[in-house]
Amino acid sequence: MKHFYFTLLFLSSSLFMFSQEVLSFNGYNGSGATVTAVTASVNDNITITFEDIDIINNLYTENQNSLFIYGGLDTSAGGFQGAPGFGDLGSQPEIFLDAGDTDSSTGPNTYSITINLALEYTSVLDGTEVFGYNLIFQNQFGGGGNNQTVDLYIDLIDKIIDRSTLNTNSVQIDAVETRVVNNSLIVNSNSSIQQIQIYSILGEKILDKTYNNNTYTEISTDYMAKGIYVVKVYSGNKISSKKVIL
C-alpha cells in the first residue's frame with residue numbers, strides 16, 4: 001500500500017512538473033486585458049486561447065479560420081521586442097480555430113495556439129530577462145478598426161531566456177516536414193497521416209484530403225497561385241500547422 005501511494009504521488013508530481021499552462025483571453029469585447037501566468041515563463045511551452053464573442057464589431061472574425069498574432073516580448077528595453085513588421089503576416093504566429101469550434105460563421109469564435117516564445121522570437125538574445133508578452137490579434141485584412149484587437153498582455157513569470165535547455169522541436173506535436181520541390185508539396189511525418197488541409201493566406205480552404213495512415217505524400221501545386229499557404233496535418237487527435245511559400 002505504501003508503494004502504491006508513493007507511485008501515485010510520483011505520477012501526480014510528474015504531471016504537475018510537465019504540465020503546459022493554458023492562458024485564455026475569454027469574451028473579447030474591445031477592451032484591453034491582462035492574463036497572468038501561474039507557472040509559465042518565456043522558456044516554457046504555453047497554449048494561448050482567444051474567444052471573440054461579437055465576431056463583427058470589435059474584431060471581425062466571421063468566416064475567419066485563423067488569426068495572426070502581432071506580438072513581442074516585454075523586456076527592460078520595452079514592449080514588443082522581436083516583433084516582425086505589423087503588416088508582415090507571413091512572419092507572425094498564426095492561431096487557428098479551435099478543434100471544438102467547427103463553424104466560424106457564428107459566434108463566439110475560439111482560437112488556440114501552442115507556442116514557445118523563446119523559440120518564436122529568436123532576435124531577442126539569450127540572457128535577456130523577459131517579464132511578459134505583448135500581443136495584438138489581427139485578421140487577414142489587418143490595419144486598424146475592427147481588423148485588430150487593442151493591446152493585450154500576458155504577464156509571465158520573470159525569467160532570463162535560456163535556449164540551451166530547449167528542444168527546437170518542443171512545440172511541434174509531431175515531427176512533420178513540409179517542403180516544396182518543383183511543382184509538388186511533399187509532406188513527410190514520423191506518424192500516420194489521416195488528413196491534410198491547405199489554406200490560403202486569406203483563410204480559403206484549397207485542399208481537404210484524407211489518407212489511409214500514410215507517412216509520406218506528394219501533392220501537386222500546379223493549380224495553386226504563388227503565395228503563402230498554411231498546411232495542416234492531422235494525426236489522430238493531433239494537428240501540426242506549417243507555412244509554405246510557393
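Some points to look at:
- For the pair Ala77 and Glu21, the difference between a 0.36 nm per residue extended length and the Cα-Cα distance amounts to 17.5 nm.
- From least to most packed, judged by other beta carbons within 10 angstrom and beginning with the fewest, Ile193, Ile239 follow the order Ile239, Ile193.
- A protection proxy built from the mean count of other Cβ atoms within 10 Å ranks the segments 147-153, 219-225, 24-30, most packed first, as 147-153, 24-30, 219-225.
- Sequence-distant residues sharing a close amide H with Leu207 (under 5 Å, placed H): Ile198
- Furthest towards positive pole of dipole, Val42, Ile136, Val180, structure part the chain, Cβ charges: Val180
- Choice from Ser200, Ser164, Ser91 with maximal GNM fluctuation in the chain (Cα, 10 Å cutoff): Ser164
- Note on the chain: Lys pairs 8 or more places apart or on different chains, Cα atoms under 29 Å apart, count 16.
- Selection from Ala99, Leu89, Leu67, by position along the positive dipole direction of segment 2-165 (Cβ): Ala99
- If R0 is 30 Å, the Cβ-Cβ spacing of Ala37 and Asn147 corresponds to a FRET efficiency of close to 0.60.
- Fewest-first ranking of Arg163, Arg179, using other Cβ atoms within 10 Å as the exposure measure: Arg179, Arg163
- Cα-centre dipole for the chain with unit charges at Cβ (Lys and Arg positive, Asp and Glu negative), debye to 20: 680
- Positive-end extreme of charge dipole, the chain - chosen from Gly145, Ser24, Thr165 (charges on Cβ): Thr165
- Check: segment 176-245 dipole with +1 on Lys, Arg Cβ and -1 on Asp, Glu Cβ, in debye: 200
- The fewest-to-most ranking of Lys242, Lys226 by surrounding Cβ atoms within 10 Å reads Lys226, Lys242.
- Computed over the chain: relative contact order in percent, which uses C-alpha pairs under 8 Å that are six or more apart: 17
- Phe86-Lys226 pseudo-label distance in nm [points 7 Å out on the Cα-to-Cβ vector]: 2.9
- In this Cβ point-charge picture (+1 for Lys and Arg, -1 for Asp and Glu), segment 22-130 has a dipole of about 160 debye about its Cα centre.
- Near Gly90, once Lys and Arg are set to +1 and Asp and Glu to -1 for all other residues with Cβ below 15 Å from its Cβ, the sum equals 0.
- Other residues with beta-carbon under 10 Å from the beta-carbon of Lys159 carry, at +1 per Lys or Arg and -1 per Asp or Glu, a net charge of -4.
- Relative packing of 61-72, 38-49, which averages over residues the other C-beta atoms within 10 Å, highest first: 61-72, 38-49
- Helical runs assigned H by DSSP (4 residues or longer) give the chain a calculated mean residue ellipticity at 222 nm of -2500 deg cm²/dmol, each run adding -39500 (n - 2.57) before division by the residue total.
- Inter-label distance, Ser105 to Gln195: 1.8 nm, where each label sits 7 Å from its Cα along the C-beta direction.
All of the numbers you see were taken from the coordinates with simple rules; none came from a lab. None of these values were measured; they are calculated from a predicted model. Neighbour counts are summed over all protein chains in view; Cβ atoms, including those assigned to glycine, are modelled from backbone coordinates with ideal geometry.
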